[in-house]
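Notes for the one structure printed next.
The values are calculated or read from the model by the stated rules, or taken from the named source; none is laboratory data. Here the structure is a predicted model, which is why all the values come from computation and not from measurement. Counting neighbours? That spans all protein chains shown, and the Cβs are built from the backbone with ideal geometry, glycine included.
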Amino acid sequence: MKKSENIENKLAPIIFLIILLIIWEGIVRGGGIEKYIMPAPTDIIKVLISDFKTMIPHILATLYEGVVGFIVAIGLSIILAIIMDMVPLIKKALYPVLVISQTIPTIALAPLFIIWFGFGALPKIIVVVIVCFFPIVISIVDGLEGVDKDLINHFKLMGASKLNIFVHLKLPYGMINFFSGMRIAATYSIMGAIIGEWLGGDKGLGVYMTRARSAYALDKMFAAIVIIVAISMGIFILVSVIEKIFTPWNNEKRKNTKGENN
């Protein structure tokens, strides 16, 4: 029974997507939408096959910017979250600033980074860091803060130091929130790189899309979008796999919850 439900849950979105693509293909082929406005799925697949070699340098450039920026954002988030947890005054000072910083449109900052740091990979990486940093650091901070106070007091009564409490209690507890923030940031990383590439550069999927748009080659733009989605989902799945490896207790908790619901 459980296996059939799991199969249904996995097949449902796939079947829906296939039906959607068939309808899309039929409308375009039937003349309901002109190809210069919306290319058919088969036209996009043809471009992916014929133009893939040309796209490889752009894919690698975007992947490099997205992954490096994502890793840097994770490192900075962990360091800042630990400092904010250890020193409450710093948390009170920085937390509102972090929230306010998210009201500034990233696309408005990207041109400044290009002026300051040139048209290379660095300004794109900085954009990715800014986009990914907030969800990760806030998730870690909230996770560390959400530890049961009774457990902390129990550790203190047992003579545990502040470092021991952090390593053996807060860190494992906050790992779940940490990976939740990472999953959100994973979907943003490639998007951040694309935003930076739209505004300047010589390589990257954002540059490829800009050139395709200028040539009114919408099939190439859609092909780039397909690749962006595939890369973003790949990073998301990788983070999910790493989460299962590093938080086995959370996997058991999920299994028990599913068992109770069933």
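Only helices (runs of 4 or more DSSP H) whose full extent lies in the range 195-262 are considered here, and the ones with at least 2 residues that are modelled with pLDDT of 90 or more and under 20 Å from the mean Cα position of the chain (by Cα) are 218-246. Please count how many residues of the range 197-232 are surrounded by fewer than 20 Cβ atoms within 10 Å (Cβ to Cβ), within 16 Å of Ser50 (Cα to Cα) and of a type in the set (Ser, Thr, Tyr). Here the count works out to 0.
I'm checking my understanding of the structure. Among residues of the range 117-128 that are in a helix (DSSP H, G or I) and at pLDDT below 85, which one is surrounded by the most Cβ atoms within 10 Å (Cβ to Cβ)?
The extreme case among them is Ala121.
Annotation note: Cβ proximity below 9 Å between a residue of the range 14-39 that is under 14 Å from Asp219 (Cβ atoms) and a residue that is acidic (Asp, Glu) (sequence gap 6+ or interchain) occurs for Val28/Glu34; Val28/Asp43; Lys35/Asp43; Lys35/Asp219; Pro39/Asp219. Kindly establish whether Ile104 is modelled with pLDDT under 80, among the β-branched types (Val, Ile, Thr) and not in a helix (DSSP H, G or I). Against the criterion (modelled with pLDDT under 80, among the β-branched types (Val, Ile, Thr) and not in a helix (DSSP H, G or I)), Ile104 qualifies. Among the candidates Ala81, Ala110, Ala93, the residue that is of a type in the set (Gly, Ala, Ser) and free of Cβ contacts under 8 Å to residues at least 12 places away in the same chain is uniquely Ala93.
The combined condition, being touching a Gly at 6+ places or on another chain (Cβ under 9 Å) and either over 23 Å from Phe179 (Cα atoms) or at pLDDT 85 or above (or both), is fulfilled by Ile114.
Per the conditions (1) within 19 Å of Thr62 (Cβ to Cβ); (2) modelled with pLDDT under 85; (3) in contact with a Ser or Thr (Cβ under 9 Å, 6 or more places away or on another chain), the sole criterion not satisfied by Met175 is (1).
Output the residue which, of all residues in the range 129-154 that are in a helix (DSSP H, G or I) and surrounded by fewer than 18 Cβ atoms within 10 Å (Cβ to Cβ), is nearest to the chain's Cα centre (by Cα).
Asp142
Please work out if Ser189 is under 18 Å from Ile79 (Cα atoms) and either at pLDDT 80 or above or in contact with a His (Cβ under 7 Å, 6 or more places away or on another chain) (or both). The answer is no for Ser189. The C-beta contact set for the range 152-174 (first residue closer than 16 Å to Ile83 by Cα, second residue surrounded by fewer than 17 Cβ atoms within 10 Å (Cβ to Cβ) and of a type in the set (Asp, Glu), distance under 6 angstrom, 6+ apart or interchain) is empty.
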